[in-house]
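Q: Structure below; questions to follow.
The values are calculated or read from the model by the stated rules, or taken from the named source; none is laboratory data. Keep in mind that this is a model prediction, so the values were computed, not measured. Glycine gets a Cβ as well: all are built from the backbone with ideal geometry, and neighbour counts include every protein chain shown. Surface accessibility is based on the protein's heavy atoms, side chains included, excluding ligands, DNA and RNA. Shrake-Rupley method; radii C 1.70, N 1.55, O 1.52, S 1.80 Å.
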Amino acid sequence: DKTTLLFVGRLGARKGLDLALRSLTQVNDDDLEFLIAGTGRHEKHLSELAEQLGISKQVRFLGYVPDSELPELYSSADVFVLPSTYEGFGLVVLEAMACGTPVIGVTAGGIPTAVGDGKEGIVVDRSIAELANAIEKASSATWREQARSAALERAQSMTWNRVGQSVDKLY
């Protein structure tokens with residue numbers, strides 16, 4: 001019955017999870033949970049931050065999730081969140097969309113390119129208020145249903161063959 005946000009990746013400072021946790025405090029929705037899949041040296045810091053912010057009951061650290069289990073995890077989430085300070089391209093964005101999971105990303109690195117034109121997800125500036133607003137918007141079941149089919153379509157359009165052809169055409 002909860003709206004489930006998901007992050008998958010290494011738990012390092014560059015991934016911006018502190019921003020995501022701080023943004024959760026600005027969202028007035030008790031039925032919101034944030035699943036964090038991955039390991040890394042910032043896990044303890046992030047867990048302590050969630051406790052300090054009073055949202056530890058909304059945040060679950062899943063630890064390492066094997067690749068074979070990721071499609072099920074992506075599919076079970078309502079929205080995938082990638083708040084990185086830098087991301088080369090953000091393959092996890094396409095993995096989430098390929099599982100029909102809309103995305104909230106930030107304007108960093110290749111995230112906007114991976115997300116597309118906005119129907120399949122939301123791209124915002126890296127700020128607490130912007131990310132919180134995106135989370136509130138994504139809490140709408142109507143928005144998620146519309147974004148879900150667009151996310152699948154976007155992921156299908158980003159095959160290696162199609163991307164290679166686009167790059168070849170560009171050059």
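Q: Would you report the distance distribution of C-alpha pairs in segment 1-58 as whole percents per 5 angstrom bin, up to the bin with the largest distance?
A: Histogramming segment 1-58 at 5 Å steps yields 4, 19, 33, 26, 13, 4, 0 percent.
Q: Please give the charge dipole size of segment 1-158, origin at the Cα centre, charges +1 on K and R Cβ atoms and -1 on D and E Cβ atoms. Round to the nearest 20 debye.
A: 380
Q: Quick one: order 126, 41 from most to least accessible surface, probe 1.4 Å.
A: 41, 126
Q: What is the pair-distance distribution P(r) of segment 1-118, computed from all Cα-Cα distances in 5 Å bins starting at 0, with each bin given as a whole percent?
A: Whole-percent P(r) values from 0 Å outward: 2, 12, 23, 25, 22, 12, 3, 0.
Q: Please calculate the 1.4 Å probe accessible area of residue 31, with all protein chains present, and give it to the nearest 10 Å².
A: 90
Q: Could you tell me how many degrees, from 0 to 90 and to the nearest 10, lie between the Cα long axis of helix 128-138 and the main elongation axis, the longest principal axis, of the Cα atoms of the chain?
A: The angle comes out near 70 degrees.
Q: Ok, one more. Nearest 20 debye, what's the magnitude of the dipole of segment 80-151 about its Cα centre given +1 on Lys and Arg Cβ and -1 on Asp and Glu Cβ?
A: Dipole about the Cα centre, nearest 20: 100 debye.
Q: Please work out whether segment 113-171 counts as rounded, prolate or oblate from its C-alpha gyration tensor, where a ≥ b ≥ c are the square roots of the eigenvalues and a/c under 1.5 means rounded, while otherwise a/b larger than b/c means prolate and anything else oblate?
A: It is oblate, given that a/c is not under 1.5 and a/b is not larger than b/c.
Q: Using a probe radius of 1.4 Å on heavy atoms only, what accessible surface per residue do you get for segment 43-171? Whole Å² is fine.
A: The answer is 55 Å² per residue.
Q: As I understand it, the dipole of the chain uses +1 on the Cβ of Lys and Arg and -1 on the Cβ of Asp and Glu, about the Cα centre. Which of 165, 107, 38 lies farthest toward its positive end?
A: 165
Q: Quick one: with all protein chains in place, what share of the accessible area of the chain is carbon or sulfur, to the nearest percent (1.4 Å probe)?
A: Here carbon and sulfur together make up 47 percent of the probe-accessible area.
Q: Please state the shape class of segment 80-138: rounded when a/c is under 1.5, otherwise prolate if a/b exceeds b/c and oblate if not, all from the C-alpha gyration tensor.
A: oblate
Q: Which lysines have a Cα lying under 22 Å from the Cα of residue 2, excluding residues fewer than 8 positions away in the same chain?
A: Answer for residue 2, where 22 Å is the Cα cut-off: 57, 137, listed by chain and number.
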